[in-house]
1. Please find, within region 143-167, the residue that is nearest to residue 108 (Cα to Cα) out of those that are out of contact with any helix residue (DSSP H, G or I) (no Cβ under 6 Å at 6 or more places or on another chain) and touching a residue at least 24 places away in the same chain (Cβ under 8 Å).
2. Examine region 194-210 for a residue that is at pLDDT 75 or above, assigned to a loop (DSSP other than H, G, I, E, B) and exposed (fewer than 13 other Cβ atoms within 10 Å of the Cβ), and state whether such a residue exists.
3. Take residue 2 and decide whether it is at pLDDT below 90 and over 30 Å from residue 88 (Cα atoms).
4. Of all residues being outside any helix (DSSP H, G or I) and touching a residue at least 24 places away in the same chain (Cβ under 8 Å) in region 1-57, which is surrounded by the most Cβ atoms within 10 Å (Cβ to Cβ)? Just the residue, please.
5. Which residue, of 113, 93, 101, 145, is modelled with pLDDT under 80, under 19 Å from residue 33 (Cβ atoms) and surrounded by 13 or more Cβ atoms within 10 Å (Cβ to Cβ)?
6. Step by step: first the residues of region 59-73, then only those that are in contact with a helix residue (DSSP H, G or I) (Cβ under 6 Å, 6 or more places away or on another chain) and without any contact (Cβ under 8 Å) to a residue 60 or more places away in the chain, then the one that is surrounded by the fewest Cβ atoms within 10 Å (Cβ to Cβ). Which residue is that?
7. Search region 212-228 for residues being at pLDDT below 95 and part of a helix (DSSP H, G or I), and hand back the single one that is surrounded by the most Cβ atoms within 10 Å (Cβ to Cβ).
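The values are calculated or read from the model by the stated rules, or taken from the named source; none is laboratory data. Owing to the predicted nature of the structure, the values given are computational and were not obtained by experimental measurement. Counting neighbours? That spans all protein chains shown, and the Cβs are built from the backbone with ideal geometry, glycine included.
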């Protein structure tokens, strides 16, 4: 029963990620939010791969590990991209906070290398790649969430009025990155859990993602004419 529920929730999550991508393209937000559009495309792609290979399959497990490497660099780019529509207002604050993104990735890389090198691989299967990928994923997610959190505080302190889409993306990715950090803990403890508890957690994560993504889809708006025209002029 729960296995079927998990399967249908995975399908629903894939569908909603597809709707978010369509919403971004339909509102032509990809002209401003390049890395956010990439993030939406990757989310749909990896969801589809998981459904195709089987979420619990060994092959999909390998895909997930390598997706961690990719997201380790995509998430900081997305966090930076959140403020593209408000780059004139937030330029100074973004430059002040960029060190959090870079230092988070560097520290995660060093930590992953140290831990991965110290793990016993006497059974012939080295977990080095998985540990390094997980460390980079967690470090990148933490650094990106920290960047967005401190940007939010600084913007409120400066009383800067943000465009609607900037506020929506900032809230959305803070919630998504929080989910990513919880998912990383689940990735470590999942093998220790009973099958029923694992399925309940998967359903809870899917419901959370569906709710947050649905909220984002409903709140996004088309670009103001001045932003759109500036984007057109920037084209070669």
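1. Among those residues, the one meeting the criterion is 149.
2. Within region 194-210, not a single residue is at pLDDT 75 or above, assigned to a loop (DSSP other than H, G, I, E, B) and exposed (fewer than 13 other Cβ atoms within 10 Å of the Cβ).
3. Yes; evaluated as a whole, the condition is true for this residue.
4. 33
5. Details: 113 fails: under 19 Å from residue 33 (Cβ atoms); 93 fails: modelled with pLDDT under 80; 145 fails: modelled with pLDDT under 80.
Only one candidate qualifies: 101.
6. Per the criteria, the residue is 59.
7. Among those that are at pLDDT below 95 and part of a helix (DSSP H, G or I), it is 227.
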